[in-house]
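Enquirer: The structure is given below, and queries will be raised subsequently.
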Amino acid sequence: MSTAAMRYKEIIGLARGAEENLRTWELARADELERVLADAHEAVAAAREREAQTIERVNRWWRMADDNVSRLSWLEAGDGPEPNPSARGAYLDRYLEEVRAAYQDLVQAILKLGWRAR
C-alpha cells in the first residue's frame, strides 16, 4: 500500500520528467524554427535578386522595343512596363518567355513594315 508521501514523490518525479521532456522539445523546436527562419531569409534574398534581374531584363527589352517603334513615324510607344501585383512568381520563366516572344514578334512586324515602305 502506498502512502501519501510515496504518491507525492511519484507525482513530483513525473512532473520533473515532464518538465525535462518539455524543455528538450522546446529547445529542439527553437532550433527547427531558427533553421526555417534562416531558409526563409535566404529565399527572400534570392527572390529579391531574381526580381532585380527580371526588372533589368524587361526594361532592356522595353528600351529595345521603344527604339524599334521609334523608327515608325506614325506609331508612338506608350508607357514602360509596370510590375503586375497579381502575377505569380512560380510562372516567372513563362512570363519572361512570353515577353521575349512578343518582342521578337514586334521586331519582325516592324521589319516587314520597313520592307513595304521601300
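Enquirer: Using only Cα atoms and rounding to the nearest 10 degrees, what angle (0 to 90) does helix 4-69 make with the longest principal axis of the chain?
Expert: The angle comes out near 10 degrees.
Enquirer: Further, regarding this structure: What is the angle, in °, between the Cα long axis of helix 92-117 and the longest principal axis of the Cα atoms in the chain? Nearest 10 is fine, range 0 to 90.
Expert: 0
Enquirer: Something else about it: Give the label of the value calculated from the structure for percent of Cα pairs over 26 Å apart, choosing from (1) 29; (2) 39; (3) 56.
Expert: (3)
Enquirer: For the chain, what is the relative contact order in percent, using Cα pairs closer than 8 Å and at least 6 residues apart in sequence? Each step should come with its number before you reach the end.
Expert: Numbers: 22 pairs, mean separation 26.8, N = 118.
Once divided by the residue count of the chain, the mean separation gives 23 percent.
No lab work stands behind these numbers, since they all come straight from the coordinates. Model, not experiment: these values are computed from the prediction.
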